[in-house]
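Chemist: I'd like to ask you about the structure that follows.
Rule-based calculations on the coordinates, nothing more; no lab input. Predicted model only: the values in this text are computed from it and were never measured. Methodologically, a virtual Cβ is constructed for each residue, glycine included, from the backbone with ideal geometry; neighbour enumeration extends over all protein chains shown.
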Amino acid sequence: MAITRRQFLQRTGLGAGGLLLAPNLFGNPFVREALANIGSRYLVVFYLDGGNDGQNTIVPYDDVGGLRSAYNQHRKTGNGGLQLAPGSLLVPSGPGVPPMVDPNTGTQLGFHPGLAGLHNLYLEGKVAVVQGCGYPDYSLSHEASTIIWQTANPTGNGALAGTGWVGRHLGAVYGPSQVPGVAIGSAVPGEFRQSATSVLTLRRVRTFGFPYDDLDEAESDESAKRDAFAGAYAAAAASANPRLAFLGTAGTSTLLSSESYPPLFDVYTDARQSWFDDYSALGTTTGRAFREMAQLVYGVHTGQPGVAARFLQGRQGGYDTHADQGAGTPGARQYDLLREFGDAVELFYRDMEDIGIADDVCIVVWSEFSRRIPQNDNGTDHGSQGPMFVIGGSVAGGVYGNHPNIASAALDDQGNTPYSQAPGDPFRSTDFRDVFGTILKHWLALSPATITSSILPPDVGNPATYWTVPNFDLGFLP
Amino acid sequence: MGDQNTLLTTAEVRHLLRRAGLGPTPREVERLEGLTRGQAADQLLLLKPKAFRPGGRDFQKAHDKWLKFLVKGKRPVQCRLALFWHDHFAVNFSTVQDVTQMALYVRLLHVHALGNFKTFVKAVNKDPAMMVFLDTVKNRKAIPNENYARELLELFTLGVTDLLGAPNYTQDDIVQIARAFTGWRVNSSNVAELDASRHDFQSDFPERGPKVIFRTTGGFGPAGRDLTVNGEGEPEIDAVVDAIFDHTDSAGHNTVARRTTHRLLQFLCHDDPPLAVVDELIATASFATTWDLKALVRAILVHDIFYETAAPAPFGAATKKSVKWPVDFVVSTMRLLGLKVKGRPAWIPGGTYSSLRDHLENMGQVLMQPPSVFGWDWETAWLSSGTLLARYTFARDIAAMRWDNPTFRPDLLMDLTLTDPDDIVAAVLGVLAIDDQVDAADRRRLVDYLTDYGATTSLDLGDWTVRNVKLHGLFALAMQLPAYQLH
């Protein structure tokens, strides 16, 4: 987390100060852009960890373009079979519902039966399904591919190493004593990583306080302890030793945040106890993650002192379904995972809607890769491109990007759908950076010049393969 | 420049026990003081490894047993390397869900921690917990499952690329290795065995091509390496390991030897070790031919690169300080303060009642529960606001154990007749073995805390309130200092 350098020396008394920009930052064009445009919005990044099987997430319902018969060839029925019958899919339809049709083949698509929550939001036009998201020369390593997505750096550009795509934005516009981002968990997620501003991690808002000794009031020496602690960490933050400096800034922002964040629990539950209980009633880690995010958003929305985080991150693990993936019934591994995700995200959306800020919340959902279309015994091995979701009140719901070509003849020698950027290719893939870039341009209102110069530089290489001329206008955000 | 005949300073002895052991307890420091680097390394490595196995009916019990074993710390280097291998060959209970298999896996880590690395990897192939964790037990001939094959190459041995950045293997290598591992299962006595009817024999699937790997990498030439050289079926998985251990990188050096040595150096002393030192250590230990981990560790423990980081505070820009793993933080604290793991579950009273496992979980590391096959992220990845608060909480809870059993007893650790605040601070830092790691400014802050900025010049530690508020508070603060998070 955190990397504050020397500024902390003067700022350890900041406490409830919240936004406090160093004067020189006001001259920074990125800062002006951000302050003008981030406004009252929130960006939530949510990670399906392990490689969600996109082939069984957004599934061909009819055989208009031949995708369904190709799907049936690869995904088996019977014991260990993963095939989702057309009748089991959740197929959005009805007046005013965005068509859920593959733009290329015209195939009617449906959601995995576990994604009832997402299906409900899709019916209201609040979900963009972005198909075929990937990158050139895809990696099948969890670690390598996760880093590629988080850093948005498939080609190993040294200038981008070690910083996340959101992190590069945060680092450019926020100062070291600010906390613009919060991740639910115990480690700073890769997409938020950078070394200029603090990122908070917490698991429970309520218990996120500094652990002073539990003494009688008469004996309490909290302020003396705080002074010693704050002084030691401020000094460490200024150390020439990089590891000690990192620790110093991390400890300092931890102390400050531990004083401003825990009150958000009471603020939220005083006003919204039944919502809190609804999240808890889901009984899932993903439900709890969104519950904590809701407290943060509500705290920022209601202007609580010392909290200003508008970038949030959460994750759900377990998607590495090499075995026992199952098909479309409760108890099957992928079903339970998607159900947990869909139910939690729908509740979060309803909560935001009830607060009146659903239009100010944008949730982008990604996974490090999809899985291979031919299944193994009862699961799937690592694959290439897959679908992403963008969810929010301002999202233009519908299907964007093409379904990958899953016909046997089209698969590459690894059995995977090939990634292509060739303009004439009817199955042209979606580079995931176009999705991130569309969010940066249309949600954070960054100019394409800012994005391409400092956050998502285009690749160098054959434009049929590499991502070269981004337009950041996929259309799912106005 | 030093070598194995260089005499150790007390600071270096502490460093050795911090980085290669489980924390410098006074007894251990005393035992190694006055020795040379070589003598100290030999004394630590002389201890016969114990085939430790955390038996227990449930996960909590097994976890407590392992923690108790660490806190006892009779074989510090073996224990610490077993933790390294736990991260390297990561398996988690969440996936395996079998406490007996996890115990066998932990035993394997301890048996081979300082053994022969090639034998170790071959044993990992057949470890029941690993076979479940990475789906070897589900790898059937109809459609081979690549999970274990990929991680065997990527994480356990070669790495995706060599230390110079060139790729070490291809997807086709993984496919062929996955075939070699088809048909293995774990029998009811938790022993790996091959079910030949589920094994992928070449004659069954001629369209899959010959079981040959490393045609384009590894220095084997276009002929590659045939996995059926000792026959098909059982011998194949050993043949895979033999081939991997013969693999050479883009500079013609043994790939496994370089990567393993590099990683061990990262773990023990230096997050970015120079390649020249890596190669020197491999040569010293003949590691690329003997695969003797004990010899390799000894070579590291007598080398300058290991002692460079023993420098006292204030730390310069180039001093490679490392963030203690949560389990190091907890175990070394328990040992330095003479606390025993007691009760079921092992617990620490204090501000809030909670078990040691809860503390570790909040810090981001539960034994037998690495988050994924990649193990834990090290160094600054341990440091987030949530995990730091967990460390501060642990420090607070330990120091707050005033009336419970086990009780934190400063009187057993230091002289309570001390009255000078500077002496008291020095004594507390001495107990925590960080008196050379805390600079003058931080000492001043601790003294200011103790004296309320000079309001008092002398403290009576015999006074119940002074002792319980200020001395216990000083211990908590000292354990919360930046210096105590690093080693």
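Chemist: Over region A:225-366, one equal point on each Cα, no solvent: what is log10 I(q)/I(0) by the Debye formula at q = 0.11, 0.13, 0.18 Å⁻¹?
Modeler: The Debye formula, applied to the Cα set alone, gives -0.58, -0.74, -1.02.
Chemist: Quick query: amide H of A:Gly398 versus all other amide H atoms, modeled in the peptide plane; which residues come in under 5 Å with a sequence gap of 5 or more or a different chain?
Modeler: A:Val127, A:Ala128, A:Val129
Chemist: Using 5 Å bins from zero, what percent of all Cα-Cα pairs in region A:355-424 falls into each bin?
Modeler: Percent of pairs per bin, in order: 3, 13, 18, 19, 15, 12, 9, 6, 4, 1, 0.
Chemist: Separation between the B:Leu35 and A:Asp62 pseudo-spin-labels, each 7 Å from Cα along Cα→Cβ, expressed in nm?
Modeler: In this crude label model, B:Leu35 to A:Asp62 measures out at 7.9 nm.
Chemist: Please state, to two decimals, what the Cα-based radius of gyration of region A:271-318 comes to when divided by 2.2 N^0.38 Å (N = residues).
Modeler: Relative to the 2.2 N^0.38 Å estimate, region A:271-318 comes out at 1.23.
Chemist: Another question about this same structure. Show the residues, 5+ positions off or on another chain, whose built amide H is closer than 5 Å to the amide H of A:Ser198.
Modeler: Those lying under 5 Å, H to H, from A:Ser198 are A:Ile3, A:Gln178.
Chemist: Please compute the Cα-Cα pair-distance distribution of chain A with 20 Å bins starting at 0, giving whole percents from short to long.
Modeler: Result, from short to long distances: 24, 55, 19, 2 percent.
Chemist: Indicate the gyration tensor shape class of region A:385-448 (rounded, prolate or oblate), computed on the Cα atoms with a ≥ b ≥ c the square roots of the eigenvalues: a/c under 1.5 is rounded; otherwise a/b larger than b/c is prolate and the rest oblate. Provide the component values of the computation, followed by the final result.
Modeler: Values: a/c = 2.83, a/b = 2.11, b/c = 1.34.
Cα axes put region A:385-448 in the prolate bin.
Chemist: Same structure, new question: With the Cα gyration tensor of region A:334-478 giving a ≥ b ≥ c as the square roots of its eigenvalues, does the rule (a/c under 1.5 for rounded; else a/b larger than b/c for prolate; else oblate) give rounded, prolate or oblate?
Modeler: Oblate shape, in that a/c is at least 1.5 and b/c is the bigger or equal ratio.
Chemist: Can you give me the Rg/Rh ratio for region B:16-132, using Cα atoms for both radii and the Kirkwood formula for Rh? Spell out each step's value before the answer.
Modeler: Values: Rg = 15.3 Å, Rh = 15.1 Å.
Value, to two decimals: 1.01.
Chemist: Turning to a different aspect of this structure: What pairs from B:Lys321/B:Lys470; B:Lys68/B:Lys470; A:Lys76/B:Lys138 go past 21 Å between their alpha carbons?
Modeler: Values: B:Lys321/B:Lys470 30 Å; B:Lys68/B:Lys470 30 Å; A:Lys76/B:Lys138 17 Å.
The answer is B:Lys321/B:Lys470; B:Lys68/B:Lys470.
Chemist: Let me ask something else. May I ask you to list the lysines whose Cα is less than 25 Å away from that of A:Lys126, ignoring any residue fewer than eight positions away on the same chain?
Modeler: Those lysines meeting the cut-off are A:Lys441.
Chemist: Right, here's the next one. If you take the Cα atoms of region B:265-342, find Rg, then find the Kirkwood Rh from the mean of 1/r over all pairs, what is Rg/Rh? Mind showing how you got there, number by number?
Modeler: Working: Rg = 15.6 Å, Rh = 14.6 Å.
Checking Rg against Rh, the ratio lands at 1.07.
Chemist: Obtain the nm distance between the two label points defined at A:Asp473 and A:Arg206 by a simple spin-label model: each point lies 7 Å from its Cα along the Cα-to-C-beta direction.
Modeler: Going by the 7 Å Cα→Cβ label model, 4.9 nm.
Chemist: Report Rg(Cα)/(2.2 N^0.38 Å) for region B:71-215, keeping two decimals.
Modeler: Taking the Cα Rg and dividing by 2.2 N^0.38 Å, one obtains 1.13.
Chemist: Go ahead and run the numbers for FRET between B:Asp195 and B:Ser94, Cβ-Cβ distance against an R0 of 25 Å, rounding to 0.05.
Modeler: 0.40
Chemist: Then there's this: Please say if the protein assembly as shown is rounded, prolate or oblate, where rounded means a/c under 1.5 for a ≥ b ≥ c the square roots of the C-alpha gyration tensor eigenvalues, and otherwise the choice is prolate for a/b larger than b/c and oblate otherwise? Provide the component values of the computation, followed by the final result.
Modeler: Values: a/c = 1.82, a/b = 1.21, b/c = 1.50.
It is oblate, given that a/c is not under 1.5 and a/b is not larger than b/c.
Chemist: Explain nothing, just the number: relative contact order of region B:135-205, from Cα pairs under 8 Å at least 6 residues apart, as a whole percent.
Modeler: The normalised contact order for region B:135-205 reaches 36 percent.
Chemist: Something else: What's the angle, to the nearest 10 degrees (0 to 90), between helix A:222-237's Cα axis and the longest principal axis of chain A?
Modeler: Helix A:222-237 and the main axis of chain A meet at about 60 degrees.
Chemist: To continue, here is another question. Any idea what % of Cα-Cα pairs in region A:244-304 are farther than 12 Å?
Modeler: Considering region A:244-304, 70 percent of its Cα-Cα pairs are separated by more than 12 Å.
Chemist: Would you please calculate the Kirkwood hydrodynamic radius of chain B over all C-alpha pairs and express it in Å, rounded to one decimal?
Modeler: Computed over Cα pairs of chain B, the Kirkwood hydrodynamic radius comes out at 24.2 Å.
Chemist: Which entries in the list B:Lys74/B:Lys122; B:Lys48/B:Lys72; B:Lys72/B:Lys324; B:Lys122/B:Lys211; B:Lys74/B:Lys324; B:Lys61/B:Lys324 go over 22 Å, if you measure between the two C-alpha atoms of each?
Modeler: Over 22 Å apart, Cα to Cα: B:Lys74/B:Lys122; B:Lys61/B:Lys324.
Chemist: Same structure again: Could you pull out every residue, at least 5 positions away or on a different chain, whose amide H is within less than 5 Å of the one on B:Gly23? Hs are placed 1.01 Å off N in the peptide plane, and Pro or chain starts have none.
Modeler: Amide H neighbours of B:Gly23, under 5 Å, 5+ apart: B:Arg18.
Chemist: I've got another one for you. Note down the nm distance, to one decimal, between modelled labels 7 Å out along Cα→Cβ at B:Ala455 and at B:Asp415.
Modeler: In this crude spin-label approximation the distance works out to 2.8 nm.
Chemist: Quick one: Kirkwood hydrodynamic radius for region B:217-315, alpha-carbon pairs, angstrom, one decimal?
Modeler: One decimal place: 15.1 Å for the Kirkwood radius.
Chemist: Given the -39500 (n - 2.57) contribution per DSSP H run of 4+ residues, what per-residue ellipticity at 222 nm results for chain B, rounded to the nearest 500 deg cm²/dmol? Show your work: numbers first, answer last.
Modeler: Working: 24 runs with 226 residues, N = 487.
That calculation yields -13500 deg cm²/dmol at 222 nm.
Chemist: Relative to the longest principal axis of chain A, what angle (0 to 90°, nearest 10) does the C-alpha long axis of helix A:263-282 take?
Modeler: Relative to chain A, helix A:263-282 is tipped by roughly 30 degrees.
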